[in-house]
1. Would you please name the residue that is surrounded by the fewest Cβ atoms within 10 Å (Cβ to Cβ), looking only at residues in region 1-17 that are over 13 Å from Ala238 (Cβ atoms) and either β-branched (Val, Ile, Thr) or over 17 Å from the mean Cα position of the chain (by Cα) (or both)?
2. Can you tell me how many residues within region 157-180 are among the small types (Gly, Ala, Ser) and more than 11 Å from the ligand (Cβ to nearest atom)?
3. Just give me the residues in region 129-156 being within 12 Å of Ser222 (Cα to Cα), more than 10 Å from the ligand (Cβ to nearest atom) and surrounded by 22 or more Cβ atoms within 10 Å (Cβ to Cβ), in sequence order.
4. For region 210-237, enumerate the residues that are assigned to a helix (DSSP H, G or I), crowded, with 20+ Cβ neighbours inside 10 Å and in contact with a strand residue (DSSP E or B) (Cβ under 7 Å, 6 or more places away or on another chain).
5. On the given criteria, is Gly126 under 24 Å from Leu31 (Cα atoms) and more than 15 Å from the ligand (Cβ to nearest atom)?
6. Looking only at residues that are of a type in the set (D, E, K, R) and touching a strand residue (DSSP E or B) at 6+ places or on another chain (Cβ under 6 Å) in region 17-69, which one is farthest from Glu144 (Cα to Cα)?
7. Kindly establish whether Ala113 is more than 15 Å from the chain's Cα centre (by Cα), part of a helix (DSSP H, G or I), surrounded by fewer than 21 Cβ atoms within 10 Å (Cβ to Cβ) and away from the ligand (no atom under 16 Å from the Cβ).
8. Considering only region 119-171, how many residues are without any contact (Cβ under 8 Å) to a residue 24 or more places away in the chain, among the basic types (Lys, Arg) and within 30 Å of Glu19 (Cα to Cα)?
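Here, each number is a calculation from the coordinates, and none is a lab measurement. As the structure is a prediction and not an experimental result, all values here were calculated from the model. Cβ atoms come from the backbone with ideal geometry, glycine included; neighbour counts cover every protein chain shown.
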Amino acid sequence: MTEVVVVDSPDSASALAAELILSKVRTKPALRLGVATGATPVSLYRQMAVLAKQFGIDLGELQAYALDEYVGLEPGSPQSFRHFLEEHFIEVLGLDPNCLVVPSGDVATIATAGDHFEKAILDTGGIDCQILGIGSNGHIGFNEPGSSLGSRTRVKTLTENTRRDNGAYFSQPEDVPVHCISQGIGTILEARSLVMLAFGDKKAEAVASAVEGPISASCPASAIQLHPHATVILDEGAASRLEQLRYYKFVWENKPDWQSWRLS
Ligand code: PGA
């Protein structure tokens, strides 16, 4: 069963996710972490910095792999996901920028960029833990509804819904690129564990479809049900459409100590 944890606020959810990830770094300092962009993981990265300091966890060997990137932006564009991750992940955690691998959205090399990125993941032994957000349309990475559940890193065309959701990062919504390069759902499912975060009522329907709906390309995030080690951490708003909410809370409250990933 997908582990679903519901807490009272986005900050508590981020702190809990930070504990889960740092407990993995403690066991494996050279953890290969799949990192997500968007509003959701920003406080997770901040909490990781705070807790790593508090618990004396060295992040110097961490390696990071982005989920996706826009195609066709100018190199160094402030809207690029590379820039976002340099600002909100690398700088916040004080990491070496060279530890971050992002699929290239450069049009000149786009035909081979997906294979190149897949090879970079494989060459280092695969992603240990993949952080995920979820789009209001159920996408993970930029795998829009209809994406193959076996897909690999490749170019995708963004939906109008996603371009509208991401319009706030651009001076005008029409500037949001039409194309992106994204880890495929098959790529994501090969990570050894998944940690999905979602906050607010706006995500409630997508979360319910992902966790309790049928596994379907119509809701790409539902593919996480196929993963043996997926944890979904939600605030009350994002959890508000879950039918089994009371049961998830009961499971969490009764989680045996020997299964715990809390830091101490
Ligand atoms: P958000 O995006 O974190 O900005 O809500 C999540 C996503 O689209 O995957």
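1. Of everything passing the filter in region 1-17, Met1 is surrounded by the fewest Cβ atoms within 10 Å (Cβ to Cβ).
2. So the first thing to find is which residues in region 157-180 are among the small types (Gly, Ala, Ser), and the list is 167-168, 171.
Narrowing further to those that are more than 11 Å from the ligand (Cβ to nearest atom): 167, 171.
Summing the residues that are among the small types (Gly, Ala, Ser) and more than 11 Å from the ligand (Cβ to nearest atom) in region 157-180 gives 2.
3. Of everything in region 129-156, just one residue is within 12 Å of Ser222 (Cα to Cα), more than 10 Å from the ligand (Cβ to nearest atom) and surrounded by 22 or more Cβ atoms within 10 Å (Cβ to Cβ), namely Ser147.
4. Step one: of region 210-237, the residues assigned to a helix (DSSP H, G or I) are 210-212, 220-226, 236-237.
Those still in the list that are crowded, with 20+ Cβ neighbours inside 10 Å too: 210-211, 220-224.
Correct list: Ala210, Val211, Pro220, Ala221, Ser222, Ile224.
5. Numbers: under 24 Å from Leu31 (Cα atoms): yes; more than 15 Å from the ligand (Cβ to nearest atom): yes.
Against the criterion (under 24 Å from Leu31 (Cα atoms) and more than 15 Å from the ligand (Cβ to nearest atom)), Gly126 qualifies.
6. Filtering region 17-69 for residues of a type in the set (D, E, K, R) gives 19, 24, 26, 28, 32, 46, 53, 58, 61, 68-69.
This time we only want the ones that are touching a strand residue (DSSP E or B) at 6+ places or on another chain (Cβ under 6 Å), so: 24, 32, 68-69.
Numbers: Lys24: 30, Arg32: 25, Asp68: 12, Glu69: 14 Å.
Checking each candidate, the answer is Lys24.
7. Values: more than 15 Å from the chain's Cα centre (by Cα): yes; part of a helix (DSSP H, G or I): yes; surrounded by fewer than 21 Cβ atoms within 10 Å (Cβ to Cβ): no; away from the ligand (no atom under 16 Å from the Cβ): yes.
Against the criterion (more than 15 Å from the chain's Cα centre (by Cα), part of a helix (DSSP H, G or I), surrounded by fewer than 21 Cβ atoms within 10 Å (Cβ to Cβ) and away from the ligand (no atom under 16 Å from the Cβ)), Ala113 does not qualify.
8. 1
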